[in-house]
1. If you check ASP5, ASP21, which single one turns out to be in contact with a strand residue (DSSP E or B) (Cβ under 9 Å, 6 or more places away or on another chain), open to solvent by 30 Å² or more (accessible area, probe 1.4 Å) and of a type in the set (Asp, Glu)?
2. Of all residues being among the aliphatic types (A, V, I, L, M) and assigned to a helix (DSSP H, G or I) in region 25-57, which is farthest from THR105 (Cα to Cα)? Just the residue, please.
3. When you go through (1) over 21 Å from GLU118 (Cβ atoms); (2) modelled with pLDDT of 90 or more one by one for ALA168, which number turns out not to apply?
4. State the number of residues belonging to region 49-103 that are among the hydroxyl-bearing types (Ser, Thr, Tyr) and free of Cβ contacts under 8 Å to residues at least 60 places away in the same chain.
5. Only one of (1) within 16 Å of the chain's Cα centre (by Cα); (2) farther than 23 Å from VAL9 by Cα; (3) open to solvent by less than 60 Å² (accessible area, probe 1.4 Å); (4) modelled with pLDDT under 95 is not met by LEU51, so which one is it?
6. Scanning region 155-199 for residues that are within 21 Å of GLN125 (Cα to Cα) and of a type in the set (Val, Ile, Thr), which turns out nearest to the chain's Cα centre (by Cα)?
Amino acid sequence: MISLDSDQVHLFYVKADKINDTALLKEYESVLSREEREKVGRYRFEKDRHLSLVSRALVRYLLSAYTGRAPEYFSFFCNSFGKPAILKEQADRLGLDIKFNLSHTPGAVVLGLGITHEIGVDVEQVDRSISLGVADRFFSKKEAEMVRQYSGSRRHQILFDIWTLKEAYIKARAKGLSIPLDSFSFDLGPQDRIKFTDPAGTGEGWQFFRWRPGQNLTIAAAVESRFPINFSHYHCVPFDRIQPV
């Protein structure tokens, strides 16, 4: 089993497109619930079915690694905004208030796990075009002004940094886009300093983390905690080979 303390958050990054072993994929499918297998099968394209299968299996195998339960043991529910969690009855039996959040982009999956504290994660490919209009439409006025201070590749990176932080935050809040994206703001300073202002005008109670596991990916995590959180990040392919980064 892997240990996880209340002051820790673990982030796992998987290159989903590198998991191609047929026997391994069949094993992953076998631990899913019938409902999950049906959801995987609804995707029209094989690459999307593959990403969905790997994502769902990752959640189960890592929860197994932290709890000692079999991967197929877990049952989940989603709140009205679609954020998943372990069924309360199971969590009570485990005696472990483990929180998790999942994000994926073509070819990659990220899972964040913590104890007690709400968590949200987002991963995005940065080797694709993004318009400055995104900042004008979705960012706060202060963020849009900050983006315009940069040009070229730096502006491109700042746009994605802010976008992933915003996505991670609203996922941690578990209220989806009922929280307007321009109602809170991030200020990105030197040495990756992140200053946050929430809708109430204070950044207290939230901590953020950014990680770039590869040249073309950026990851953000948001955690609700007034106490310092230690972030650790790992690669794992397949899921039983976990490598600290």
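1. Answer to the check: ASP5.
2. Once the filter is applied, the top-ranked residue is LEU25.
3. The single condition ALA168 does not satisfy is (1).
4. The qualifying residues number 6.
5. Answer for LEU51: the failing condition is (4).
6. Once the filter is applied, the top-ranked residue is THR164.
Conditions tested, residue by residue: (1) among the β-branched types (Val, Ile, Thr); (2) in contact with a helix residue (DSSP H, G or I) (Cβ under 8 Å, 6 or more places away or on another chain).
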residue: VAL14; (1), (2): yes, yes
residue: ASN20; (1), (2): no, no
residue: LEU25; (1), (2): no, yes
residue: GLU38; (1), (2): no, no
residue: ASP48; (1), (2): no, no
residue: ARG56; (1), (2): no, yes
residue: LEU63; (1), (2): no, yes
residue: GLY68; (1), (2): no, no
residue: SER75; (1), (2): no, yes
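The values are calculated or read from the model by the stated rules, or taken from the named source; none is laboratory data. Since we're looking at a predicted model, the values are computed, not measured. Virtual Cβ from ideal backbone geometry, glycine too; neighbours counted across all protein chains shown. When the accessible area is computed, the model is the full protein with side chains, heavy atoms only, and any ligands, DNA or RNA have been set aside. Shrake-Rupley method; radii C 1.70, N 1.55, O 1.52, S 1.80 Å.
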